[in-house]
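Computed from the coordinates by the stated procedures, all read-outs in this text should not be read as laboratory data. The model shown is predicted, which means the values in this text are computed figures rather than measured ones. For neighbour counting, all protein chains shown are included, and Cβ atoms are generated from backbone atoms with ideal geometry for every residue, glycine included.
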């Protein structure tokens, strides 16, 4: 049995002189699984930016879809940092997930598909029940062009790590472009960056063969635009050392948000968080370097 067909059923209609048959309501049966997951974004550029934010750290990833939204959690290729993505269902223009589904994807292949979309295209992701592919549909803004691309899914081994709730000693909120600039500039001098947080401000410093570099940012919460302010919530001073190249990888998420939040405490990973509009967030976790690694 293939395709979709209509089965017509009949019931007898009896009269004293004549017996006839009349059709009753048709029943539709499908030999194909129906679409059980569908997510629609008016701006495909959001998914493009999310992909740019993770593809340098991850070769492959599993997108876990449920009625609450789309989640991703994965260690980077070197198993040094952790990426956590959350896109809430109510942030999509249309969202449907009849049952939980995990879609393993090769991010290089996904990037090729996303390059085919214009930034103002409407994006729809679709998957059928128990399917081994996912479909991406791009509609132009004026709806005169519709393109669809089908990508094979992968069976990936995934291990979800429990991320405990932590009361951080220091939380810094600052412009994401400024954080990206600092990480880029300091990478020219050293392989690691020391982040020191006090109530007066936050200091980024490094040293290497050619010399040393320091960048200090003071709190300036009184600026006209909130996204340009630097704010610090501090329980106690914190000074930690991190690998610069991972921080630079995290800053690939800069186009997603005008601000970034850094959460620091002794003996726990740094959390670098970017809000994704009204739809969700992406968080990066990075353990501090220990003394043996610094020497």
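Overview of results
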{"read-out": "Pairwise FRET efficiency - residue 128 versus residue 287, Cβ, R0 = 41 Å, nearest 0.05", "value": "0.55"}
{"read-out": "Label assignment, semi-axes √(5λ) of the Cα gyration tensor in Å derived from the structure, set [x] 52, 19, 18; [y] 28, 23, 19; [z] 42, 26, 18", "value": "[x]"}
{"read-out": "The chain - mean residue ellipticity at 222 nm from DSSP helices (-39,500 (n - 2.57) per run, n ≥ 4, rounded to 500)", "value": "-3500 deg cm²/dmol"}
{"read-out": "Relative contact order for the chain, counting Cα pairs under 8 Å that sit 6 or more residues apart, in percent", "value": "17 percent"}
{"read-out": "Relative contact order %, the range 178-295, counting alpha carbon pairs below 8 Å whose residues are six or more apart", "value": "21 percent"}
{"read-out": "The chain: angle of helix 176-186 to the longest principal axis, Cα-based, in degrees nearest 10", "value": "50 degrees"}
{"read-out": "Degrees separating the helix 45-54 axis from the principal Cα axis of the chain, which is the longest one", "value": "50 degrees"}
{"read-out": "Overall Cα dimensions of the range 36-152 - principal axes, largest extent first, Å", "value": "45, 29, 25"}
{"read-out": "Most to least packed among 37-43, 76-82 [average Cβ atoms within 10 Å]", "value": "37-43, 76-82"}
{"read-out": "Residues 156, 51, sorted so that the one with the fewest Cβ neighbours within 10 Å comes first", "value": "156, 51"}
{"read-out": "Residue 163/residue 141 FRET efficiency (R0 41 Å; Cβ-Cβ; nearest 0.05)", "value": "0.60"}
{"read-out": "Along principal axes, Cα extents of the range 123-163, largest first, whole Å", "value": "45, 25, 14"}
